[in-house]
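Trainee: Just dropping this structure here.
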Amino acid sequence: GEGSWGRRPALSGMLSRAVPGALRATTRAVSGRAAPVSKFSTLAVANRIPAALVSRNALSARNLRWLSVVGGDGSDSDFAPKKKEAPAPSGDRAVQDEIKDMVTQRKVVLFMKGTPDFPMCGFSNRAVQILDHHKTTYGAFNVLEDPEVREGIKQYSAWPTIPQLYVDSEFVGGCDIMMEMHESGELSKLLQEAGATRE
């Protein structure tokens, strides 16, 4: 069809002209016909090179190889993988007690990345969509704003990922479990029994 795919072959052709021979193997694959796969993907290269830099003979095959290397020799240390570290706990704060208070104050609580109006990850977005589909009244906590709660909720539930759903102070699960329960009808029943849905 048209839309964004309709423009891909033109971009592919432009890159093939800019780098003669380097991308020909992938040009036909982008336009929908079978072709051998080269080690450079036209789409991947197009996403890494600003349009202003793409001009006839602007790039050499050597430069393409350099652009495709991330974290190798010659790469800036800002792009090297970083190890996540748990925040240092503050001595006066009882995070587990705070979390317990949060999950008991409302019938339904979602710990998520972002807010219901602006989710910051696909799983949190899906969790919000599921709850909104059931017309659920719930409280949401953005774990990105509080690293101690972000780590503390994982310990509280013994569940390693976010989002996390609590109904009547009980941990229900993450996004995948919510989706399974939604599809089976269990989530609707659970939310109605908790009195957390609005008609």
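The values are calculated or read from the model by the stated rules, or taken from the named source; none is laboratory data. Since we're looking at a predicted model, the values are computed, not measured. Cβ: placed from backbone, ideal geometry, glycine included. Neighbour counts: every protein chain shown. When the accessible area is computed, the model is the full protein with side chains, heavy atoms only, and any ligands, DNA or RNA have been set aside. Shrake-Rupley method; radii C 1.70, N 1.55, O 1.52, S 1.80 Å.
Yes/no matrix, rows are residues, columns are (1) open to solvent by 60 Å² or more (accessible area, probe 1.4 Å); (2) within 22 Å of Glu193 (Cβ to Cβ):
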{"position": "Val108", "(1), (2)": "no, yes"}
{"position": "Arg126", "(1), (2)": "yes, no"}
{"position": "Leu144", "(1), (2)": "yes, no"}
{"position": "Ile153", "(1), (2)": "no, no"}
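Trainee: It is to be established whether one or more residues within segment 172-186 are open to solvent by less than 40 Å² (accessible area, probe 1.4 Å), β-branched (Val, Ile, Thr) and modelled with pLDDT of 95 or more. Walk me through it before giving the result.
Mentor: Going residue by residue through segment 172-186, those that are open to solvent by less than 40 Å² (accessible area, probe 1.4 Å) are 172-175, 178, 181, 185.
Within this subset, residues satisfying the condition of being β-branched (Val, Ile, Thr) are 172.
Going one step further and asking which of them are modelled with pLDDT of 95 or more, we end up with 172.
Taking every residue of segment 172-186 in turn, at least one turns out to be open to solvent by less than 40 Å² (accessible area, probe 1.4 Å), β-branched (Val, Ile, Thr) and modelled with pLDDT of 95 or more.
Trainee: For segment 88-98, does any single residue satisfy the condition of being under 27 Å from Glu186 (Cβ atoms), open to solvent by less than 80 Å² (accessible area, probe 1.4 Å) and either in a helix (DSSP H, G or I) or not β-branched (Val, Ile, Thr) (or both)? Give the derivation first.
Mentor: Our first condition is that a residue be under 27 Å from Glu186 (Cβ atoms); within segment 88-98, this holds for none.
Scanning segment 88-98 turns up no residue that is under 27 Å from Glu186 (Cβ atoms), open to solvent by less than 80 Å² (accessible area, probe 1.4 Å) and either in a helix (DSSP H, G or I) or not β-branched (Val, Ile, Thr) (or both).
Trainee: At least 2 residues that are over 22 Å from Arg93 (Cα atoms) and touching a residue at least 12 places away in the same chain (Cβ under 8 Å) in each: list the strands (runs of 3 or more DSSP E) lying fully within segment 107-199 that qualify. Even if it seems obvious, please write down each step before you answer.
Mentor: Numbers: elements: 108-112, 139-142, 164-167, 170-173.
Hits in segment 107-199: 164-167, 170-173.
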